[in-house]
Amino acid sequence: MGDKEVILTQEGLKKLEDELEQLKSVKRREIAERIKVAIGYGDISENSEYEDAKNEQAFIEGRVITLEKLLRNARIINNDDVNTDSVGVGVTVTVEDVEFGDKMEYLIVGTAESDPLNNKISNESPVGKAILGKQRGAIVDVNVPAGVVQYKIIDIRKV
């Protein structure tokens, strides 16, 4: 079974590459130094500094593996190729809550760079799935925990 394709914007790609470089070049060295210092304290069987450093090392190595896999399976969305005729990854979409009239703006991204607090929603999120492929003026039903919310697509544009 093949690995799942990861859709990234240029910005998302750079962010992941920078994080990977930081982990490999800086964090690994910092952890190695912490482990070395902790070993210098003597008996490592009851050494909390050593245990903490080893746990952080395991976390960092796990994140390095995850990032390398994401980057290996990445498909980059080029802004020049983004089509604004319908909602797709790489567009900014403005939607209006049909019931309350609230307007929201979202950047549609792949799951790897989803950041709902900064209005970057995944194409696989409930809202992302519902509006994907739809055009301006379309009204879509979005299943949310509280029920169904209707959104009208107001605008679709490039980032």
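The values are calculated or read from the model by the stated rules, or taken from the named source; none is laboratory data. This one's a predicted model, so the numbers in the text were calculated from it and none came from an experiment. Glycine also receives a Cβ, built like all others from the backbone with ideal geometry; neighbour counts cover every protein chain displayed.
Pick from segment 57-94 the residues that are part of a loop (DSSP other than H, G, I, E, B) and surrounded by 14 or more Cβ atoms within 10 Å (Cβ to Cβ): which of them is modelled with the lowest pLDDT?
Looking only at segment 57-94, we keep the residues that are part of a loop (DSSP other than H, G, I, E, B), and these are 73, 78, 82-90.
Narrowing further to those that are surrounded by 14 or more Cβ atoms within 10 Å (Cβ to Cβ): 73, 82, 84, 86-90.
Values: Asn73: 94, Val82: 85, Thr84: 91, Ser86: 94, Val87: 95, Gly88: 92, Val89: 91, Gly90: 91.
The extreme case among them is Val82.
Answer yes or no as to whether Glu46 is modelled with pLDDT under 95 and over 17 Å from the mean Cα position of the chain (by Cα).
Values: modelled with pLDDT under 95: yes; over 17 Å from the mean Cα position of the chain (by Cα): yes.
Considered against the rule, which asks whether it is modelled with pLDDT under 95 and over 17 Å from the mean Cα position of the chain (by Cα), Glu46 comes out as yes.
Could you give every pair whose Cβ atoms fall below 6 Å, whose first residue belongs to segment 70-83 and is in contact (Cβ under 8 Å) with a residue 24 or more places away in the chain and over 19 Å from Gly133 (Cα atoms), and whose second residue is assigned to a strand (DSSP E or B) and of a type in the set (A, V, I, L, M, F, W, C), counting only separations of at least 6 or pairs across chains?
If the second residue must be assigned to a strand (DSSP E or B) and of a type in the set (A, V, I, L, M, F, W, C), the pairs left are Leu70/Val6; Asn73/Val6; Ala74/Val6; Ala74/Leu8.
Among the residues of segment 130-155, count how many are of a type in the set (Lys, Arg) and under 23 Å from the mean Cα position of the chain (by Cα). Explain how you work it out, then say what you get.
Taking segment 130-155 and keeping what is of a type in the set (Lys, Arg), we get 134, 136, 152.
Filter again for under 23 Å from the mean Cα position of the chain (by Cα), leaving 134.
Going through segment 130-155 one residue at a time, the tally reaches 1.
Go through segment 131-159 and count every residue that is in contact (Cβ under 8 Å) with a residue 24 or more places away in the chain, closer than 26 Å to Asp80 by Cα and among the aliphatic types (A, V, I, L, M).
Count: 6.
Got a sec? Which strands (runs of 3 or more DSSP E) wholly within segment 95-158 have at least 3 residues that are outside the structural domain of Lys15 (by TED's automatic domain parsing) and surrounded by 14 or more Cβ atoms within 10 Å (Cβ to Cβ)?
On the way: elements: 103-109, 120-122, 139-144, 147-158.
Those strands (runs of 3 or more DSSP E) span 103-109, 120-122, 147-158.
Can you tell me which condition Thr66 does not meet? The list is (1) closer than 20 Å to Val6 by Cα; (2) assigned by TED's automatic domain parsing to the domain that holds Ile139; (3) within 14 Å of the chain's Cα centre (by Cα), and all the others hold.
(2)
Consider segment 15-35. How many of its residues are basic (Lys, Arg) and surrounded by fewer than 11 Cβ atoms within 10 Å (Cβ to Cβ)?
At the first step, the residues of segment 15-35 found to be basic (Lys, Arg) are 15, 24, 27-29, 34.
Keeping just the survivors that are surrounded by fewer than 11 Cβ atoms within 10 Å (Cβ to Cβ) gives 29.
Number of matching residues: 1.
As an exercise: evaluate Ala53 against (1) surrounded by fewer than 13 Cβ atoms within 10 Å (Cβ to Cβ); (2) at pLDDT 90 or above and give the number of the one condition it does not meet.
The single condition Ala53 does not satisfy is (1).
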